[in-house]
Structure formats: structure tokens, C-alpha cells
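Below is one structure, written out as C-alpha cells; comments come after it.
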């Protein structure tokens, strides 16, 4: 599928985060960081407000993709994603979601073709909106709190520091590459490459 009859996109690439300067650079905004890396790589601006999200359209390979940064705040991400998916009649398997993941070390990626919310409220909202958990996702590791009593909300809304900040900048770029790889080459190629620890930056798919 290259283009739909209405000229719309055949994929959604959804990058999760919270809007506004207050949340810039926080762990929960790892998805937004990846969107910014993709925008920089492709020379686009994700700034058109549609479906309660900042959006842009681009081609990845033969596919037309709507890039989305929901502006609903994390817990209501599904409102933006569901509206766009319904409008363009895009099935869940073509809704690729990029989010943060506290169970992974900072900078590690995990690509999956489907799965549960895993306690992530943004993913939970999207599952509810789509009526399915069978959508692909790329999770960016942000690390776990330093001790069990640490408040999880405080942790994910905390800002990356020092080495973690450097690792996350690199991870955001790899996540952007993983989005392109998944859409143009498929899940197996993307998982084989980007689920590897310390995968070097080569761009695209092997």
C-alpha cells in the first residue's frame, strides 16, 4: 500500500510525550526527543496542529507517513491517535508508537510488533482508543528509579543528566532510524538490528 485513495498516509508514526517547556528533556518525553531527531534527519518541521497533535507528513521508502506528537498529555495520547487512525482508516498494525520505558537501561531500544501497555499510561490510552494492543512500538530505555520507594511520577518527569543525557540523545537518533527501518523493511529487520545492545549508528536498515 503506497497511497490511500484520499491521498492520506498509510502509516502513523506516533511519538509520545507531554507538551510544553516544563516537560522538555524529561524521561517521559523520550518519544518527543525521537520525533525531533527524525525531523532533523528528514528536514521537516512537526508543527501542524491536527487531531490534537503536532504533525508532519513525509515519505519513508514507498510509504506515506503521518508523524504525530500528541498534545493531549501522556495519559490521553489515545485521543489524538484514535482520531487520526479513524480518519485515515489506518489499522493498528500500521500505527507505530515510540515511548519511554523504565524497565530498560538508559539508551537501550526494544522493538516489538505488539504487546501490553506494561504499566505505561500513554500506551494504555492508545490500546483503549484503538481497541487493540496489536500495534507496533519502539520503547526507549530511560532507566528505573534508584530505589523502590522513589515515586515513579517524579522519576519519569525528571530531567536526564550528564551521561544519561548523552546516551538519550544518541538513543533518540537510533529510535528515529528504527521507525524508518520498521516501516520500510518490516518488523523482523528492525527487531534484529535495534534490539541489540550498543548497536552502532549506521543509519537505515542493514
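Could you please let me know if residue 99 is in a strand (DSSP E or B), touching a residue at least 60 places away in the same chain (Cβ under 8 Å) and under 24 Å from residue 154 (Cβ atoms)?
yes
Restricting to region 114-132, give me the number of residues that are surrounded by fewer than 16 Cβ atoms within 10 Å (Cβ to Cβ) and under 14 Å from the mean Cα position of the chain (by Cα).
Residues meeting the conditions: 1.
Give me the residue from region 138-191 that is part of a loop (DSSP other than H, G, I, E, B) and touching a residue at least 12 places away in the same chain (Cβ under 8 Å) and, out of that set, surrounded by the most Cβ atoms within 10 Å (Cβ to Cβ).
Here is the first cut: in region 138-191, the ones part of a loop (DSSP other than H, G, I, E, B) are 142-151, 157-158, 160-161, 186.
Checking the rest, the ones that are also touching a residue at least 12 places away in the same chain (Cβ under 8 Å) come to 142-145, 157-158, 160.
Details: 142: 28, 143: 20, 144: 16, 145: 14, 157: 16, 158: 17, 160: 20.
Applying the filter and picking the extreme gives 142.
Please work out which one of (1) surrounded by fewer than 15 Cβ atoms within 10 Å (Cβ to Cβ); (2) under 15 Å from residue 14 (Cβ atoms); (3) at pLDDT below 95 is the condition residue 91 fails and give its number.
Of (1) surrounded by fewer than 15 Cβ atoms within 10 Å (Cβ to Cβ); (2) under 15 Å from residue 14 (Cβ atoms); (3) at pLDDT below 95, only one is false for residue 91: (3).
Tell me which residues, restricted to region 20-75, are crowded, with 21+ Cβ neighbours inside 10 Å, assigned to a helix (DSSP H, G or I) and without any contact (Cβ under 8 Å) to a residue 60 or more places away in the chain.
Once the filter is applied, which keeps residues that are crowded, with 21+ Cβ neighbours inside 10 Å, assigned to a helix (DSSP H, G or I) and without any contact (Cβ under 8 Å) to a residue 60 or more places away in the chain, region 20-75 yields 32, 74.
Of (1) surrounded by fewer than 18 Cβ atoms within 10 Å (Cβ to Cβ); (2) touching a strand residue (DSSP E or B) at 6+ places or on another chain (Cβ under 9 Å); (3) not in a helix (DSSP H, G or I), residue 135 satisfies all except one. Which?
Unmet for residue 135, out of (1) surrounded by fewer than 18 Cβ atoms within 10 Å (Cβ to Cβ); (2) touching a strand residue (DSSP E or B) at 6+ places or on another chain (Cβ under 9 Å); (3) not in a helix (DSSP H, G or I): (1).
The values are calculated or read from the model by the stated rules, or taken from the named source; none is laboratory data. These figures come from a predicted structure and were not determined experimentally. Backbone-built Cβ (ideal geometry, glycine too); neighbour counts: all protein chains shown.
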